[in-house]
There are 2 protein chains.
Amino acid sequence: MSASSKALVTGAAGFIGSNLCDYLLEKNLQVIGIDNFSTGQKEFLQKSERSSCFRLHESDLSNLDQIKGIFLDEKPDIVFHLAANADVRFGLEYPRRDLEQGTIVTHNVLEAARTAGVKKFAYSSTGSVYGEPNVFPTPEDCPFPIQTSLYAASKLAGEAMIQAYAEGFGMQGFIFRFVSILGPRYTHGHVFDFIQKLKLDPSQLEVLGDGKQKKAYLHIEDCLNAIWTVINKADQKINIYNLGPDEFSTVNDSLDTIESILGVSPIRKYSGGERGWVGDSPFIFLDCSKLKSLGWESTYSIQDGVKATAKFLLDNPQLIITGQNKDLAK
Amino acid sequence: MSASSKALVTGAAGFIGSNLCDYLLEKNLQVIGIDNFSTGQKEFLQKSERSSCFRLHESDLSNLDQIKGIFLDEKPDIVFHLAANADVRFGLEYPRRDLEQGTIVTHNVLEAARTAGVKKFAYSSTGSVYGEPNVFPTPEDCPFPIQTSLYAASKLAGEAMIQAYAEGFGMQGFIFRFVSILGPRYTHGHVFDFIQKLKLDPSQLEVLGDGKQKKAYLHIEDCLNAIWTVINKADQKINIYNLGPDEFSTVNDSLDTIESILGVSPIRKYSGGERGWVGDSPFIFLDCSKLKSLGWESTYSIQDGVKATAKFLLDNPQLIITGQNKDLAK
């Protein structure tokens, strides 16, 4: 992207979205943010809003006419569609949520982008679309997977529509299959849950599963550098990239780090089983050689990422103790 | 399925749906049909409606409350979800159609099935979910494909939701990736289009693409036997099966057969290019060894299927000349 290109970011007030807005502004792009603040945080956009190159639209992506209007007014060069229900768990309790906030909203954003002549469409998918793969580390072209969660099913549906739009309407698609992302403004996931629980009761801790689930986590800075690398260097019609570190780590490893930072030694009560919840993948480890071939390298180890995240949350206790965030972390 | 099991068929008045209703009734099942008759034909259900074991609900699957009521009243043992926009073309002209008639409707049917405690869910997907694969014949576990049409994107979204429901709610899923199906009650596709055009003008014929597209077609009888084999013999949580013949054939081969039956020799005017339309796959040939391992074999050659289909259409000219079907065939 050249300086003064215009980027539109959906989910702009979310964890990844707000960090991306700051990042793109530092790269001298004009940045248009959209968020409905259902889970996004106004304070995360304080830095972006100090820039004259940033503009925010408070709008709900389920309102197709409204977002078509925004896209037609703004005519961005590239869209980063990050807005979604961000929690892979609980799809079974609200089985329509991922359809509505994921699949249908993604179609709306694609339609708005098409209507406004947008040529580049970037999308935050997930390594969860690999389900429970047989190949580790898992490459982008691993055997056709089987979905295990409604969250991943919705992300896969989004990928598929973007691919069809790219084929049919001459857009260029950038699909990022993330591992879990950590770092400043992180507001949900296992580090969040553990710290929240330990703040309430440092003597004991419920751990979903057996604690041996092997997972990969990437620091938000490494994530943003990867996105920037891909949108500037990948030149296919459809560009699908895994984003993750070279290592994996267990839930117990993260817990060791968190307990050490908090200075607590709770009795760990494991709910048991290989999986933390129905649809959880007991092993996530992505092959990122395709991304590395573009020159990207990760700079944070997983446990450094966990440390940075824990410190951010301890420095921002309002994110943990508010009712809103208790709901998020349920 | 044991005799007296109850099957619910969506899209019951369609080509495959109506044939499936007849087939299941012959197997002594109770059959509940649902159709909104947007493209289904009442006459296709005449045979089923003579059976006391058949009941039809005229209902639209986009009305979730209504179909939940039907499912709760009927409490079927197995659902065959066939209803969808059936035409892989024109997704780009109506970019929301496959989302609404495919993805969202499939979610509604899954929700109705879950609410009613249905334990088996069968789904008509498509070989088009393989996009433009690199492996021929293409097996079910070929490399993670890239979608080229909104039709296939919607079918993939349906597959993914069924997989997540099977994982989360203890259903058993049967996913059939069909090639194009031919035979009695066939009302759209290349054989239909060619005959319709040749009836209007036997002196010349527009052919989409270069006529060399390699495609596979399966006769409806072979298709129904395959479905019956799988639902009775496959015992995994998720059962994904390709359905197709051992051969492929070109569009020109089909045209030779059709011209011979009609006794015409039109000048063929090719629109040119490897693909008939944007998102068309120039080569479809599925590896069905997984299905064959259950004991199934096809009995019709492709060109015998084309002949049977052409004869059916010539015997039922009302399907070709009605305004409704002209719309279907557009």
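The values are calculated or read from the model by the stated rules, or taken from the named source; none is laboratory data. Owing to the predicted nature of the structure, the values given are computational and were not obtained by experimental measurement. Quick reminder, even Gly has a Cβ in these numbers, built from the backbone with ideal geometry, and neighbours come from all protein chains shown.
Things to note:
- Residue within the range B:75-82 that is touching a residue at least 24 places away in the same chain (Cβ under 8 Å) and more than 15 Å from B:Ala113 (Cβ to Cβ) present: no
- Screening the candidates A:Gln196, A:Gln213, A:Gln163, A:Gln204 for the property of being crowded, with 20+ Cβ neighbours inside 10 Å, touching a residue at least 12 places away in the same chain (Cβ under 8 Å) and within 18 Å of A:Ser271 (Cα to Cα) yields one hit, A:Gln213.
- Taking the criterion of being surrounded by fewer than 18 Cβ atoms within 10 Å (Cβ to Cβ), hydrophobic (A, V, I, L, M, F, W, C) and within 20 Å of A:Ser4 (Cβ to Cβ), the only residue of the range A:23-62 that qualifies is A:Cys53.
- B:Asp246 being over 26 Å from B:Gly273 (Cβ atoms) and without any contact (Cβ under 8 Å) to a residue 60 or more places away in the chain: yes
- Verdict on B:Arg185 being within 21 Å of B:Thr39 (Cα to Cα), among the charged types (D, E, K, R) and out of contact with any Asp or Glu (no Cβ under 6 Å at 6 or more places or on another chain): yes
- You will find that of A:Asp253, A:Asp287, the residue that is of a type in the set (Asp, Glu) and more than 14 Å from every other protein chain (Cβ to nearest Cβ) is A:Asp253 and no other.
- Those residues of the range A:266-294 which are over 22 Å from the mean Cα position of the chain (by Cα), surrounded by fewer than 13 Cβ atoms within 10 Å (Cβ to Cβ) and touching a residue at least 12 places away in the same chain (Cβ under 8 Å), in sequence order: A:Ile267, A:Lys269, A:Gly272
- Filter pass, B:Glu100 being among the charged types (D, E, K, R), more than 9 Å from chain A (Cβ to nearest Cβ) and within 25 Å of B:Phe248 (Cβ to Cβ): no
- Output for the range A:123-153, where each listed residue is within 25 Å of B:Leu92 (Cβ to Cβ), under 18 Å from the mean Cα position of the chain (by Cα) and facing chain B (nearest Cβ under 8 Å): A:Ala153
- Identity of the residue in the range A:283-307, of a type in the set (A, V, I, L, M) and in contact with a Ser or Thr (Cβ under 6 Å, 6 or more places away or on another chain), that ends up farthest from A:Gly273 (Cα to Cα): A:Leu294
- Scanning the range A:111-126 for residues that are surrounded by 19 or more Cβ atoms within 10 Å (Cβ to Cβ) and over 13 Å from A:Gly170 (Cβ atoms) returns A:Glu111, A:Ala112, A:Ala116, A:Ala122, A:Tyr123, A:Ser124, A:Ser125, A:Thr126.
- For the condition at pLDDT below 95, within 14 Å of chain A (Cβ to nearest Cβ), surrounded by fewer than 20 Cβ atoms within 10 Å (Cβ to Cβ) and within 22 Å of A:Glu167 (Cα to Cα), B:Pro95 qualifies.
- Flag for A:Gly279 being in contact with an Asp or Glu (Cβ under 9 Å, 6 or more places away or on another chain) and either within 14 Å of chain B (Cβ to nearest Cβ) or at positive phi (or both): yes
- Selected residue [closer than 28 Å to B:Gln147 by Cβ, outside the structural domain of B:Pro133 (by TED's automatic domain parsing) and of a type in the set (Asp, Glu)] from B:Asp315, B:Asp253: B:Asp253
- Condition met for A:Ile240 (of a type in the set (A, V, I, L, M) and within 14 Å of chain B (Cβ to nearest Cβ)): yes
Residues are listed down the side, and each one gets a yes or a no for (1) closer than 27 Å to A:Leu156 by Cβ; (2) at pLDDT below 95:
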{"position": "B:Lys6", "(1), (2)": "no, no"}
{"position": "B:Ser18", "(1), (2)": "no, no"}
{"position": "B:His81", "(1), (2)": "yes, no"}
{"position": "B:Val88", "(1), (2)": "yes, yes"}
{"position": "B:Val109", "(1), (2)": "yes, no"}
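- Subset of the range A:218-237 that is under 15 Å from the mean Cα position of the chain (by Cα) and not in a helix (DSSP H, G or I) - its residue that is farthest from the other protein chains (Cβ to nearest Cβ): A:His219
- Residue identified as of a type outside the set (Phe, Trp, Tyr), part of a helix (DSSP H, G or I) and either surrounded by 16 or more Cβ atoms within 10 Å (Cβ to Cβ) or within 21 Å of the chain's Cα centre (by Cα) (or both) among A:Ile258, A:Ile240: A:Ile258
- Of all residues in the range A:156-187 being more than 9 Å from chain B (Cβ to nearest Cβ) and of a type in the set (D, E, K, R), the one that is nearest to B:Glu159 (Cα to Cα): A:Arg177
- Single unsatisfied condition, A:Lys307 versus (1) surrounded by 13 or more Cβ atoms within 10 Å (Cβ to Cβ); (2) in a strand (DSSP E or B); (3) not small (Gly, Ala, Ser): (2)
- Residues of the range B:104-122 that are among the charged types (D, E, K, R) and either part of a loop (DSSP other than H, G, I, E, B) or at the interface with chain A (Cβ under 9 Å from one of its Cβ atoms) (or both): B:Glu111, B:Arg114, B:Lys119.
- Within the range B:265-279, not a single residue is at pLDDT 90 or above and assigned to a helix (DSSP H, G or I).
- Residue within the range B:305-320 that is aliphatic (A, V, I, L, M) and closer than 30 Å to A:Glu167 by Cβ present: yes
- Tallying residues that are within 14 Å of another protein chain (Cβ to nearest Cβ), among the hydrophobic types (A, V, I, L, M, F, W, C) and surrounded by fewer than 19 Cβ atoms within 10 Å (Cβ to Cβ) within the range A:63-92 yields 3.
- Flag for A:Lys212 being within 18 Å of A:Glu132 (Cα to Cα) and not assigned by TED's automatic domain parsing to the domain that holds A:Cys21: yes
- If you go through the range A:152-193 and keep only what is under 24 Å from A:Glu132 (Cα atoms) and part of a strand (DSSP E or B), you end up with A:Phe174, A:Ile175, A:Phe176, A:Arg177, A:Phe178, A:Ser180, A:Ile181, A:Leu182.
- Selection status of B:Thr138, more than 22 Å from B:Ser18 (Cα to Cα), hydroxyl-bearing (Ser, Thr, Tyr) and either modelled with pLDDT of 95 or more or surrounded by fewer than 22 Cβ atoms within 10 Å (Cβ to Cβ) (or both): yes
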